Amino acid sequence: METTLPDFLPPSPLRLKLDLEALAANWRALDRMSGAARAGAAVKADAYGLGAALAVPALAAAGCRDWFVAHWQEVPELLRHVPAAQVSVLHGPMNAAEAAFGVETGVRPVLNSLEQVRRWRSAGGGACDVMVDTGMSRLGLRLADLGDTALAGLEIDCVLSHLASADEDVPQNEAQRARFAEVRAALPGRRYSLANSAGIALGDAYHADLTRPGIALYGGIPRAAMERDIRQVAYPEAAVIQVRNLLPGDKVGYNATFTADRPIRAGIVAVGYADGYLRCWSGKGLFRFGDDVLPVLGRVSMDMTIVDLDSAPHCTEGDWLSIAYDPVSAAKVSGLSQYELFTLLGRRFSRVG
Ligand SMILES: *Cc1c(COP(=O)(O)O)cnc(C)c1O
């Protein structure tokens, strides 16, 4: 016998507040920075962990018309919000089922090898994108493949390549740009696309027809020059589930990595490494209650983190704390990349716009 559930579920003690206006403004800024090219959006991994269900409609309302996911399993969520002809799947068809799914939905595969090209054609084919590797040794056809007869007459919407180091000033960027110019001459497509978020800041020579920002849409700053125009989008918050008064000598958390050296009002907060708040924040992370700053005490555990409430005497059980998560400084303090900070945020956060 299955238990009959009440028609309500108590709200989560974790919420991820999304500033959807900032998200839309970031897309418009990146579209503007893309010059003559249009900006699309990389929305793989559930819009970098922020939640495609909220992010995609907001980006569509801002004007975005080109969407990139990595897996075919990510397509149904996208199709709830945007037309199939606007969606591309970066991993391409790995087998007949994935190719058939592409043909039936009208979603475009990004073809990454001659084998994928043949698989797509034998499934019935139709409009597709093609990825060419210009120097990253990840997915994509080699330049030497571009004359292959398997490509003749293929209905290519967009020819893509991906920059490996656009967040740095290194000669690899110009080398990839130059190889992409060779790709353009060798492979006919309706459109061409090279730049990710950081690549947009490299200037017009990198913009082609379509740019594919991801991280900067969500508030990440891959290059310092973007700081002015990109706003924070993701604000994680967690509730205090218990307050306790520590005495000098009390040990805190697993392995007692912190011992109280004075009386401390401590808050037990309902977030832990299972939610993506990893152990690298142990003894380093900060929470905020209004303007009061609350340092993490001891080790982060799976479902809980202990914070010092001394600067927030009015903070009590049930109150919400914001987790200091400004992408640039959070990355610096934690040692995680801005990409990891976003995509880690777990399923137990309720996502609110
Ligand atoms: C993830 C991804 C992007 C977006 O990159 P950001 O650095 O997040 O802007 C663009 N293109 C491809 C092929 C990707 O895999």
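Bear in mind these aren't lab numbers, they're just calculated from the coordinates by the rules spelled out. Only a predicted model underlies this, so the values are computations on that prediction, with no experimental measurement involved. Neighbour counts are summed over all protein chains in view; Cβ atoms, including those assigned to glycine, are modelled from backbone coordinates with ideal geometry.
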Item to check | Full-stretch length increase - residue 231, residue 3 - with 0.36 nm per residue and alpha-carbon distance subtracted | outcome: 77.6 nm
Item to check | Expected 222 nm ellipticity per residue - DSSP helices of 4 or more, -39500 (n - 2.57), all of the chain, to 500 | outcome: -7000 deg cm²/dmol
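State to the nearest 20 debye the size of the charge dipole of the stretch 29-162 about its Cα centre, where the only charges are +1 on K and R beta carbons and -1 on D and E beta carbons.
With Lys and Arg at +1 and Asp and Glu at -1, about 140 debye.
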Item to check | Mean separation of Cα contacts under 8 Å, 6 or more apart, over the residue count of the chain: relative contact order % | outcome: 18 percent
Next on the checklist: Under 13 Å between alpha carbons, and skipping anything fewer than 8 positions from residue 332 in its own chain: which aspartates and glutamates qualify?
Outcome noted: 340
Next on the checklist: Sort 251-261, 37-47 by packing, meaning the average of other beta carbons within 10 Å per residue, with the highest value first.
Outcome noted: 37-47, 251-261
Checklist entry - Which one of 235, 285, 146 has its Cα pushed farthest toward the positive end of the charge dipole of the chain, where Lys and Arg give +1 and Asp and Glu give -1 at the Cβ? => result 146
Item to check | Top positive-direction residue, dipole computed over the chain with Cβ charges, set 29, 1, 247 | outcome: 29
Checklist entry - Relative to the Cα centre, what is the charge dipole magnitude of the chain, using +1 at the beta carbon of each Lys and Arg, -1 at the beta carbon of each Asp and Glu, and rounding to the nearest 20 debye? => result 240 debye
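Place the peptides 184-191, 201-208 in order of packing, highest mean first, counting for every residue the other Cβ atoms within 10 Å and averaging per peptide.
On the way: 184-191: 14.4, 201-208: 18.1.
Highest to lowest by the protection proxy: 201-208, 184-191.
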Item to check | Amide H partners (placed H, <5 Å) of residue 321, local residues excluded | outcome: 238, 239, 240
Checklist entry - Quick one: putting +1 on the C-beta of Lys and Arg, -1 on the C-beta of Asp and Glu, what dipole do you get for the stretch 96-190 around its Cα centre, in Debye to the nearest 20? => result 280 debye
Checklist entry - What is the sum of charges around residue 148, taking Lys and Arg as +1, Asp and Glu as -1, for the other residues whose C-beta is under 13 Å from the C-beta of residue 148? => result +1
